[in-house]
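The values are calculated or read from the model by the stated rules, or taken from the named source; none is laboratory data. The structure presented is a predicted model; accordingly, all values stated were derived computationally and were not measured. Don't worry about glycine lacking a Cβ; one is built from the backbone with ideal geometry, like all the others, and counts go over all protein chains shown.
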Amino acid sequence: MLPVQDPAVPDFVTKLQRIDSYSEIEEIMKSEDFIMAGAAERTIFLEDTLIMSEGRRHAELKQLFAPLMSRQTLAYYELRLVEPVIQEALADVASSRGADGSVRVDVVALIHAALTRISARVTGVDGVDSQQRTERFRDLVLTLSAATTASYSSPDPGRMIAAGRDALAALVAEFLQASLDRRIELTRRFRAGEISKEDLPRDVLTSLCLVDDWRHADDVDKIPYVWRQCALFLTGSIKTTSHSLPHVFVHIDEWVKEHPEDRANLTDPEWLHRASAEAFRLHQTTPARFRAALRDVTLTSGRQVKAGEMVALHAPVANVQAEVFGEDGRYFNPRREVPDGMQPWGMTFGLGAHACLGRNLVTGIQNKGDDKHGAQGTAVRILKAMYELGAELDPDNPPRRPEGSLHDTWESVPMILRKA
Ligand code: HEM
């Protein structure tokens, strides 16, 4: 088994003060003296959204969107959106047996398919229905996602950002505007007493309509605010999960080859929860996070950060730190004892006020989910479905990394379903 390596970072990151210890990053991410910061594309696509707002405004938006992730809603997503996609995708591949009699599936594509439906539903996008429309929607969202982190993926971020703007414009024309118009009308009818609250969809666009927060004064100069909020939820769900989850399959495959006694655990949700949390700890969705200081700050460690200074938080390095996770912190070990007071994934889902809103959707609720009522989380649900069909990495087609990207991710993870 190989240890995970520190991710490479683009040049602009190396020019910032580097912070890579768990305790310092935790202190900064939980401190009111620091605000969210980042490369230019973050502002272009996400300015004023939940992730880029602070203080009272952030708390208001968080409260507005929190019901979208209630236990009941998560169970709905899992049972009505994720499970059918998994079953459809697996039924599709099962009917296309290769010449050697084996059934193959690429888990990256499977995750994209499952998360495309979730992201449309959470955001409030109608018409992601036929296969053609679903694929069009997914492709546009993936182009937009790439643009929101362009500095990590391209020697020419400007071109990628332009492609992201075009993709968002196409999303608006083909999907988002009609979805917003329908929700504005539904909100009007609700206020006129023609329909009840239960008749309203539960999604980002409806939430914004209900508080009349879908138009901002700067909409003429920038990507309009309401589309920026959509961009956050569309990109925040698909790309993150499709970056993280394939690693779990790769690590588990390697682990059971070295620990065959754990092969029997591959369909045990409890074991899969631990294994996925451990893989999430080892791989994060970006090589660095950024915060800017609001005033001169001296951290508990004595480190000084000047007012206005943007610092680079090397979270992937902190998340494998030997002092916190032990000497084998860079290795995958689903039997690891989680340090007291910590989550098994460390800071992979963030810490403090901006911690991930969608985490429970991925990890389940306090490991208390079950098959029938949902809330096991999309990770365990996808893993279990695959391992029930005897999934193993395809020995003839090893996992492939994307070219020219600094993201710690897989572009393709082909698997064979031995029992399909
Ligand atoms: C494996 C999957 C995921 C990972 C690793 C992940 C990770 C993160 C991290 C690290 C942050 C905080 C960023 C920072 O502080 O700089 C965050 C925030 C956020 N995530 Fe996730 N995320 C995942 C899936 C999702 C999903 C599925 C959704 C939505 C359905 C989502 C929605 C959000 C939102 C809205 C925020 C902003 C929260 C705020 O600023 O208050 N994420 N995520």
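Structure above, values below:
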| item | result |
| --- | --- |
| Filtered residue count, region 105-133, keeping only those that are assigned to a helix (DSSP H, G or I) and farther than 20 Å from GLU411 by Cβ | 9 |
| Inter-residue pairs, beta-carbon under 8 Å, first hydroxyl-bearing (Ser, Thr, Tyr) and in region 344-361, second more than 7 Å from the ligand (Cβ to nearest atom), 6+ apart | THR348/ARG281; THR348/HIS283; THR348/ALA315; THR348/ASN319 |
| Identity of the residue in region 341-354, more than 24 Å from LYS384 (Cβ to Cβ) and near the ligand (Cβ under 6 Å from one of its atoms), that ends up farthest from the chain's Cα centre (by Cα) | HIS354 |
| GLN376 being assigned to a loop (DSSP other than H, G, I, E, B), touching an Asp or Glu at 6+ places or on another chain (Cβ under 9 Å) and within 11 Å of the ligand (Cβ to nearest atom) | no |
| From LEU200, LEU208, LEU245, LEU234, residue being over 26 Å from ALA113 (Cβ atoms) and within 16 Å of the ligand (Cβ to nearest atom) | LEU208 |
| Members of region 80-104 found to be free of Cβ contacts under 8 Å to residues at least 60 places away in the same chain and assigned to a helix (DSSP H, G or I), listed by number | ARG80, LEU81, PRO84, VAL85, GLU88, ALA89, ALA91, ASP92 |
| Lone unmet requirement of (1) in a helix (DSSP H, G or I); (2) farther than 17 Å from VAL122 by Cα; (3) of a type in the set (A, V, I, L, M, F, W, C) for ALA178 | (2) |
| Wholly within region 4-79, helices (runs of 4 or more DSSP H) carrying at least 1 residues that are within 11 Å of the ligand (Cβ to nearest atom) and crowded, with 18+ Cβ neighbours inside 10 Å | 22-29, 40-46, 55-65, 71-76 |
| Close pairs (7 angstrom Cβ cut-off, 6 or more residues apart or separate chains): on the phi > 0 side of the Ramachandran plot in region 301-315, within 16 Å of the ligand (Cβ to nearest atom) and modelled with pLDDT of 95 or more anywhere | GLY308/ALA292; GLY308/ALA293 |
| Test: residue in region 114-133 that is modelled with pLDDT under 90, away from the ligand (no atom under 14 Å from the Cβ) and surrounded by 13 or more Cβ atoms within 10 Å (Cβ to Cβ) | no |
| Only one of LYS222, LYS239 that is in contact (Cβ under 8 Å) with a residue 40 or more places away in the chain, of a type in the set (D, E, K, R), away from the ligand (no atom under 16 Å from the Cβ) and under 30 Å from GLU47 (Cα atoms) | LYS222 |
| Per-region count, region 300-317, residues closer than 27 Å to THR149 by Cβ, more than 16 Å from the ligand (Cβ to nearest atom) and not small (Gly, Ala, Ser) | 4 |
